[in-house]
Amino acid sequence: MAEAVGSLVAQQDAILVCGGLSGVMEAAARGAKEAGGSTVGILPGTDRVPGNPYLDVVICSGVGHARNLAVVSTGDVVIAIGGGYGTLSEIGLALKIGRPVIVLEGWRLQRDQGTLGIVYASTPQEAIALALEAFKHVSADGSRDLSY
């Protein structure tokens, strides 16, 4: 799923921003690169070596898990895939700063029912369609209308 999302992001001429390591992050970056897209990885440490091989730009944050705030702040829309605690923190941080979140096969919390800014997708294609709809609501000044 992550690879498909990455590919679809690239097909929209968007830049994929991720945490830059392995697993879902690597799969998404691989999908984007193989589709001719651009990728940015924001790593938790100060060393570039752990970054996956599909990154065009590697940012070493040196702040550990706190880099999740940089990841969600950099993107206009967040697509959360799967469900480790890092993903959960990114969902919470994104909503806290007003970034729309699309969850694909991941965390569902009771409180999410009716929470402005979070929607759920069943397929990579649906996730991208929802992300594009959310992106339409980003104003020139960067503010977002989360009532889409």
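Annotations for the structure displayed:
- Total residues in the stretch 69-80 satisfying the condition of being within 14 Å of I118 (Cβ to Cβ) and not in a helix (DSSP H, G or I): the figure is 4.
- When the stretch 12-46 is filtered for residues that are acidic (D, E) and either over 14 Å from V58 (Cα atoms) or surrounded by fewer than 22 Cβ atoms within 10 Å (Cβ to Cβ) (or both), the ones remaining, listed by number, are D13, E34.
- Among the residues of the stretch 92-106, none qualifies, meaning not one is part of a strand (DSSP E or B), over 12 Å from the mean Cα position of the chain (by Cα) and either surrounded by fewer than 20 Cβ atoms within 10 Å (Cβ to Cβ) or at pLDDT 95 or above (or both).
- Comparison of G82, G86, G117 shows that the only residue that is touching a residue at least 40 places away in the same chain (Cβ under 8 Å) and at positive phi is G82.
Conditions (1) of a type in the set (D, E, K, R); (2) over 17 Å from L8 (Cα atoms), marked per residue:
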{"site": "R48", "(1), (2)": "yes, yes"}
{"site": "I59", "(1), (2)": "no, yes"}
{"site": "H65", "(1), (2)": "no, yes"}
{"site": "I81", "(1), (2)": "no, no"}
{"site": "V103", "(1), (2)": "no, no"}
{"site": "G117", "(1), (2)": "no, yes"}
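- When each of V71, V5, V78, V9 is tested for being touching a Cys at 6+ places or on another chain (Cβ under 8 Å), closer than 26 Å to K136 by Cα and buried (at least 19 other Cβ atoms within 10 Å of the Cβ), the lone residue that passes is V71.
- Restricting the stretch 54-68 to residues that are crowded, with 18+ Cβ neighbours inside 10 Å and part of a helix (DSSP H, G or I) leaves a set whose member that is nearest to the chain's Cα centre (by Cα) is N68.
- Note on the stretch 92-111: residues that are under 20 Å from N68 (Cα atoms) and without any contact (Cβ under 8 Å) to a residue 40 or more places away in the chain amount to 13.
The values are calculated or read from the model by the stated rules, or taken from the named source; none is laboratory data. What you see is a predicted model, and the numbers here were worked out from it, not measured in a lab. Neighbour counts are summed over all protein chains in view; Cβ atoms, including those assigned to glycine, are modelled from backbone coordinates with ideal geometry.
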